[in-house]
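Peer 1: Supplied in structure tokens, the structure appears directly below.
The values are calculated or read from the model by the stated rules, or taken from the named source; none is laboratory data. Since the structure is predicted, the reported quantities are computational estimates derived from the model, not experimental observations. Don't worry about glycine lacking a Cβ; one is built from the backbone with ideal geometry, like all the others, and counts go over all protein chains shown. In case anyone asks, the SASA skips ligands and DNA or RNA and just uses the protein heavy atoms, side chains included. Shrake-Rupley method; radii C 1.70, N 1.55, O 1.52, S 1.80 Å.
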Amino acid sequence: MTEPELDSIEKMLDAAAANLAQAAAGWAFHLFQDKKFRRLAEFDRIEQVEQDRIFNELVVSALVLIMLVFDAPDLRVPDDFKDQLVRLSRKVSRAYVENLRQLGLEEEHLETWDQLIALRYEEYERDKLSARAAMMKIESAEKELDVNDLSKIQMVVPVQTVAVGCHHHVCRGETDGRDDLFLLTLKSLSRFYLELRVHIEGGRITPLMRARVAAKRTLRRLRRKKR
């Protein structure tokens, strides 16, 4: 590949990363403004600085979910495209921080954003294994798992992991009795995740819809166990 071609690809990836970073911020703002979310997050009882912290956690969750999706081994895309997605994944967080820089955010705060995104990525990447194991345990309680079941579980692991982590951080670890807030966050993140994967995979919605149904079934079982 010639140098101009490589430069063109790099510019395309940079542009895509900027759009994805904007999409992450848009998703976070939409949920942040949702009346039910604000009620469940008890916005009437917390200071503005705490509300700002929650918004930041929502943005980071969406950014990391994008990164985890692009890293996912089960993406239904050509192998050579997967390499580009991995490169794109590394650019998304930088694109968001660069946008903050252009808005005039001080350098010290930009470094904090870099650190926070890296921290959450490492955390959620690590937690994927325990999330997958927990979902397999729940699903296998009713029947023996087959390849289809494992595929569905693998598909919903990223969004399940990020939703659990996001809920934990939004609540500062005090999650008891706040299942409705978790379910609302998961539902909203799932829509974002579904749209992202459908777009990447060229509109192959059927496997994702099956996975979404499987995720809802898992959640219902989780709720029954808590009662």
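Peer 1: Given the condition under 21 Å from Q160 (Cα atoms) and surrounded by 15 or more Cβ atoms within 10 Å (Cβ to Cβ), answer yes or no: does some residue in segment 98-119 qualify?
Peer 2: If we filter segment 98-119 for residues that are under 21 Å from Q160 (Cα atoms), which is where we start, we get 116-119.
Next, from what is left, pick out any that are surrounded by 15 or more Cβ atoms within 10 Å (Cβ to Cβ): 116-117.
The answer is yes, given that some residue of segment 98-119 is under 21 Å from Q160 (Cα atoms) and surrounded by 15 or more Cβ atoms within 10 Å (Cβ to Cβ).
Peer 1: Which of the residues belonging to segment 135-152 are modelled with pLDDT of 70 or more and closer than 21 Å to A72 by Cβ?
Peer 2: If the condition is that a residue be modelled with pLDDT of 70 or more and closer than 21 Å to A72 by Cβ, then M135, M136, K152 are the ones that fit.
Peer 1: Can you say whether R38 is modelled with pLDDT under 95 and among the basic types (K, R), as far as the supplied structure shows? Show your work before the answer.
Peer 2: Details: modelled with pLDDT under 95: no; among the basic types (K, R): yes.
Considered against the rule, which asks whether it is modelled with pLDDT under 95 and among the basic types (K, R), R38 comes out as no.
Peer 1: Now a separate question. Could you tell me how many of the residues in segment 41-90 are at pLDDT below 85, surrounded by fewer than 17 Cβ atoms within 10 Å (Cβ to Cβ) and not aliphatic (A, V, I, L, M)?
Peer 2: 10
Peer 1: If I ask for residues that are open to solvent by less than 30 Å² (accessible area, probe 1.4 Å) and without any contact (Cβ under 8 Å) to a residue 60 or more places away in the chain, which ones from segment 183-197 would you list?
Peer 2: Correct list: L186, S190, L194.
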